[in-house]
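Undergrad: Can you read through this structure? Questions will come right after.
The values are calculated or read from the model by the stated rules, or taken from the named source; none is laboratory data. For clarity, every value in this text was computed on a predicted model and none was experimentally measured. Every residue, glycine as well, gets a Cβ built from its backbone with ideal geometry; the counts of neighbours run over all protein chains shown. Side chains are part of the model used for accessible areas, which takes the heavy atoms of the whole protein and leaves out ligands, DNA and RNA. Shrake-Rupley method; radii C 1.70, N 1.55, O 1.52, S 1.80 Å.
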Amino acid sequence: MDNILALHNDLASRTYKHGFYHAFKINDPKPRDIHKASVSANNTKTCWVLKCDIKKFFANIDHQVLKGILWKYIEEEDILWLLGQVIDSFCAGGQNGVGLPLGNVTSQLLINVYMNQFDQFMKRELKVKYYIRYCDDFVVLHRNKSYLNSFIPKICVQGINADQMDQNIPI
C-alpha cells in the first residue's frame, strides 16, 4: 500500500520518473531486441513460470457462444448487431459459425471477454495468486515447481497446453 500511495503522490505532483531499461536479445522465432523496464526493489525471490497456450484457439471459437456472452453483458441492440456482423464476417476452415481472424484487433478484444470464465476458474476455483492472461496465452507464477505441475492436469483440457516452465524469474 505504501508503494501505491507513493506512486499516487508522484503522479499527482508530476514528479514521477520512469526507471531504466534492461536490454537483452531473444529468438522468438526471429531475433528481437527486448527492453524491459527495471523491476522493483522486491526483486529478491526466484519463481517458476508455467507458460500455457490454448491450441488453435482463434480457429475454434464458436460464434454463438461468443455472442451469447456478449448478449449477457451488453444491452444496446445496435452494438450487439455490429458485434454480430464483425464476428460472423469470418469463418475458419470453411466452417460457418466458427473462428475469429488471428491478428485482428477486434478478435483480441473479443477473446479477452470470451476467456473471462476461464479467468474466474483460475482465480476463484484454483485460487491461483499470480496469473496473467492475454488472449489465448497465459502464465502462472509460483516459487514451487511441484505446485505449478499440479495445475497442468486441471488446465490441460480443451487443447490448453503447458508449453514450458522457466526458472529463476524475479518477482
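Undergrad: GNM on the chain, C-alpha springs below 10 Å: top fluctuator among A37, A23, A12?
TA: Looking only at A37, A23, A12, the biggest GNM fluctuation is shown by A12.
Undergrad: Past the 13 angstrom mark, what percentage of all C-alpha to C-alpha distances in segment 74-128 do you count?
TA: The answer is 68 percent, as a whole percent.
Undergrad: To continue, here is another question. Just want to confirm a number: the relative contact order over the chain, from Cα pairs under 8 angstrom separated by 6+ residues, in percent.
TA: Numbers: 199 pairs, mean separation 57.7, N = 171.
Once normalised by length, the contact order is 34 percent.
Undergrad: I'd like the projected area of segment 82-161, averaged over all directions, using the convex hull of its alpha carbons. Report it in nm² with one decimal. Don't skip to the end; give the middle numbers.
TA: Values: hull surface 25.1 nm².
Computed as one quarter of the Cα hull surface, the answer is 6.3 nm².
Undergrad: Sticking with this one: When all protein chains stay in place, what accessible area (Å², nearest 10, 1.4 Å probe) is found for L102?
TA: Here the accessible area works out near 140 Å².
Undergrad: Mind checking segment 58-120 for GluC sites (Glu not before Pro) that DSSP puts in a loop (not H, G, I, E or B) and that have at most 15 other Cβ atoms within 10 Å?
TA: E75, E76
Undergrad: Which of T15, T46, T106 ends up with the largest GNM mean-square fluctuation for the chain, with Cα atoms connected below 10 Å?
TA: Most flexible of the set in this elastic network: T15.
Undergrad: Ok, one more. Using a probe radius of 1.4 Å on heavy atoms only, what accessible surface per residue do you get for the chain? Whole Å² is fine.
TA: Value returned for the chain: 72 Å² of accessible area per residue.
Undergrad: Within straight cross-link reach of K127, meaning Cα distance under 13 Å, which aspartates and glutamates are found once same-chain residues fewer than 8 apart are removed?
TA: Candidates past the 8-residue exclusion: D119.
Undergrad: Trypsin sites (Lys or Arg not before Pro) within segment 90-140: which are DSSP loop residues with at most 13 other Cβ atoms inside 10 Å?
TA: Within segment 90-140, the qualifying trypsin sites (Lys or Arg not before Pro) (loop, at most 13 other Cβ atoms within 10 Å) are K127, K129.
Undergrad: Which FRET efficiency value, to the nearest 0.05, do you get for N112 and K56 by plugging their Cβ-Cβ distance into 1/(1 + (r/R0)^6) with R0 = 25 Å?
TA: Computed FRET efficiency for N112 and K56: 0.90.
Undergrad: Got a sec to turn the phi values of segment 118-127 into Karplus ³J(HN,Hα) couplings, 6.51 cos²θ - 1.76 cosθ + 1.60 with θ = phi - 60°, whole Hz, x for Gly and Pro?
TA: For segment 118-127, the Karplus curve yields 5, 4, 5, 4, 4, 7, 8, 8, 7, 6 Hz.
Undergrad: With springs connecting C-alpha atoms under 10 Å apart, model the chain as a Gaussian network and identify which of D28, D88, D137 has the largest mean-square fluctuation.
TA: D28
Undergrad: In what sequence, largest accessible area first, do Y134, Y73 appear using a 1.4 Å probe? Walk me through the numbers before you get to the answer.
TA: Numbers: Y134 125, Y73 150 Å².
Of Y134, Y73, the descending order of accessible area is Y73, Y134.
Undergrad: Helix-derived [θ] at 222 nm for the chain: sum -39500 (n - 2.57) over DSSP H runs of at least 4, divide by residue count, nearest 500?
TA: Working: 6 runs with 60 residues, N = 171.
Helices in the chain give a 222 nm mean residue ellipticity of -10500 deg cm²/dmol.
Undergrad: Another question about this same structure. Just the number, please: Stokes-Einstein D of segment 1-86 in µm²/s, Kirkwood Rh from C-alpha pairs, 10 °C, 1.306 mPa s.
TA: 85
Undergrad: To one decimal place, what Kirkwood hydrodynamic radius in Å is obtained for the chain from all pairs of distinct Cα atoms?
TA: 19.2
Undergrad: Using a 1.4 Å probe and counting only protein heavy atoms, arrange H35, H63 so the residue with the most accessible area comes first.
TA: H35, H63
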